[in-house]
């Protein structure tokens, strides 16, 4: 049977380990950044681990657009970056708290609720070529 002193020392060690883990998590997330750029490269947005804008860069090409078009581009790029934050946080903190832990599940649920999930990028479909028989369902088409 353990003495009260040894039980207390065990609890103290657990608390200290959790505090060290929290400090490591904080350090990892403070450094985390997600950068996203528009398709025409006129807008670049950098967000931090909380999804807040850390940097916004516009090229001269952005200045040639209508204000509404620039605003829409900024918002699209921002939302795309924010949707990727959760995945980047998962990659960064999994070694510290475990990828399948209950803590990870709760953390990711918060990101998913706030920003959603990033959609996997699929390459654009190749235009159909009438002379390309590989794209046809039948050679009779």
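Where a number appears in this text, it was derived from the coordinates with a stated rule and is not lab data. Remember, it's a predicted structure, so these values are computed and weren't measured experimentally. Cβ sites come from the backbone with ideal geometry, for glycine too, and all protein chains shown count toward neighbours.
Work out how much length residue 17 to residue 64 would gain on full extension: take 0.36 nm times their residue separation and subtract the Cα-Cα distance, in nm to one decimal.
Numbers: separation 47, 0.36 × 47 = 16.92 nm, distance 5.43 nm.
Value of the extension gain: 11.5 nm.
Find how many whole Å separate the alpha carbon centroid of region 49-63 from the alpha carbon centroid of region 82-119.
Value for the Cα centre distance between the two parts: 23 Å.
Please give the FRET efficiency for residue 72 paired with residue 114, using the beta carbon to beta carbon distance and R0 = 22 Å, rounded to the nearest 0.05. Could the numbers behind the result be given before it?
Working: r = 21 Å, r/R0 = 0.97.
Between residue 72 and residue 114 the formula returns 0.55.
Please provide three numbers in whole Å: the alpha-carbon extents of region 28-121 along the principal axes, with the largest listed first.
49, 22, 21
Once you put a point 7 Å from the Cα of residue 94 and another 7 Å from the Cα of residue 9, both along the Cβ direction, what distance in nm separates them?
Simple spin-label model gives 3.8 nm for this pair.
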